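These notes concern the structure reproduced below.
The values are calculated or read from the model by the stated rules, or taken from the named source; none is laboratory data. The model shown is predicted, which means the values in this text are computed figures rather than measured ones. Positions of Cβ are backbone-derived with ideal geometry, glycine not excepted, and every protein chain shown enters the neighbour counts.
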Amino acid sequence: MKTRYFIKLSFKGTNYHGWQIQPNAITVQQVLTRDLSLLLGEEVQVTGCGRTDTGVHARVFYAHMDCRGDLTDDQDFLFKINSKLPGDIAISQFIPVKPDAHARFDAVTRNYEYHIERNKEVFTTEYAHYVYGPLDIPVMQKASDLLSEYTDFTSFSKVDTDTKTNNCKVHFARWDITEDKMVFTIQADRFLRNMVRAIVGTLLDLGFRRIDLDGFRQIIESKTRSNAGTSAPARGLFLTDVQYPPEIFF
């Protein structure tokens, strides 16, 4: 009899074309499925909590799989699989869940962070977007607060996707500012492809006063991607948390 597990992992996205398996491109899902199948001695299918774009990182990511072994407290297997996986993918836990639990469809909220550096740092260049020049931070925060007033985020979605709806519920969005760094944090029930990066790019346009607050509202209400700003680079984006209802766990 097989048991369903949630796999809690993290990955550095620099060397991958996102999470989801693609033809002729290396992805996190591909590597994880391959190495787990080899070590478990059975073919497993690994389903992720969502897609990530090429180059995007995940401090916390969940996937699920079904397998025959008991992995709940198997530290030897955890050590073996982490030794086999590349250095930019790490599994921290195998969590037994109900047989119908789903890493993607059961998620109730997701958190992303986008990191911006105000001074060029050679050791963190793969994890942040370097932005130079004065920014109107208060108006950027006001615009971030506006996001929770809307549900249709077509203006910040990649075009020609297979999603049935572009509606999302944003719970909060904020900027945390220090002298040399800015971090944009956003939580929602779901995210569209490219959504966070498009929002950040548009907020930067606002911060540089290329648009005003009314213009930001008009961009959202236009439901047209070409009206929004250029997407911020993938390297600054991190998936940082995914929350699930307690009833899917034992």
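Listed values, structure above:
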{"read-out": "Residue in the range 217-227 that is in the same structural domain as residue 134 (by TED's automatic domain parsing), surrounded by 19 or more Cβ atoms within 10 Å (Cβ to Cβ) and under 19 Å from the mean Cα position of the chain (by Cα) present", "value": "no"}
{"read-out": "Number of the exception - residue 69 against (1) more than 21 Å from the chain's Cα centre (by Cα); (2) of a type outside the set (D, E, K, R); (3) buried (at least 17 other Cβ atoms within 10 Å of the Cβ)", "value": "(3)"}
{"read-out": "Residues that are crowded, with 18+ Cβ neighbours inside 10 Å and more than 23 Å from residue 66 (Cα to Cα), drawn from the range 13-30", "value": "13, 16, 17"}
{"read-out": "Test: residue in the range 166-174 that is within 20 Å of the chain's Cα centre (by Cα), surrounded by fewer than 15 Cβ atoms within 10 Å (Cβ to Cβ), among the β-branched types (Val, Ile, Thr) and under 25 Å from residue 224 (Cβ atoms)", "value": "no"}
{"read-out": "Selection within the range 81-112 - assigned to a loop (DSSP other than H, G, I, E, B) and loosely packed, with under 14 Cβ neighbours inside 10 Å", "value": "87, 98, 99, 100, 105, 108"}
{"read-out": "Any hit, the range 12-23, residues being modelled with pLDDT under 95 and outside the structural domain of residue 186 (by TED's automatic domain parsing)", "value": "yes"}
{"read-out": "Residues located in the range 225-250, provided they are farther than 15 Å from residue 13 by Cβ, out of contact with any helix residue (DSSP H, G or I) (no Cβ under 6 Å at 6 or more places or on another chain) and in a loop (DSSP other than H, G, I, E, B)", "value": "244, 245, 250"}
{"read-out": "Looking only at the range 147-160, and only at residues there that are more than 17 Å from the chain's Cα centre (by Cα) and more than 14 Å from residue 188 (Cβ to Cβ), the one that is modelled with the lowest pLDDT", "value": "160"}
{"read-out": "Looking only at the range 208-220, and only at residues there that are without any contact (Cβ under 8 Å) to a residue 40 or more places away in the chain and assigned to a helix (DSSP H, G or I), the one that is farthest from residue 195 (Cα to Cα)", "value": "214"}
{"read-out": "Flag for residue 117 being over 21 Å from residue 195 (Cβ atoms), in contact with a strand residue (DSSP E or B) (Cβ under 7 Å, 6 or more places away or on another chain) and at pLDDT 95 or above", "value": "yes"}
{"read-out": "Of residues in the range 1-48 being hydrophobic (A, V, I, L, M, F, W, C) and part of a loop (DSSP other than H, G, I, E, B), the one nearest to the chain's Cα centre (by Cα)", "value": "19"}
{"read-out": "Residue 54 vs. criteria of a type outside the set (A, V, I, L, M) and farther than 23 Å from residue 236 by Cα", "value": "no"}
{"read-out": "Selection status of residue 203, hydrophobic (A, V, I, L, M, F, W, C), surrounded by 15 or more Cβ atoms within 10 Å (Cβ to Cβ) and not in a helix (DSSP H, G or I)", "value": "no"}
{"read-out": "Condition check for residue 115: in the same structural domain as residue 175 (by TED's automatic domain parsing) and closer than 23 Å to residue 233 by Cα", "value": "yes"}
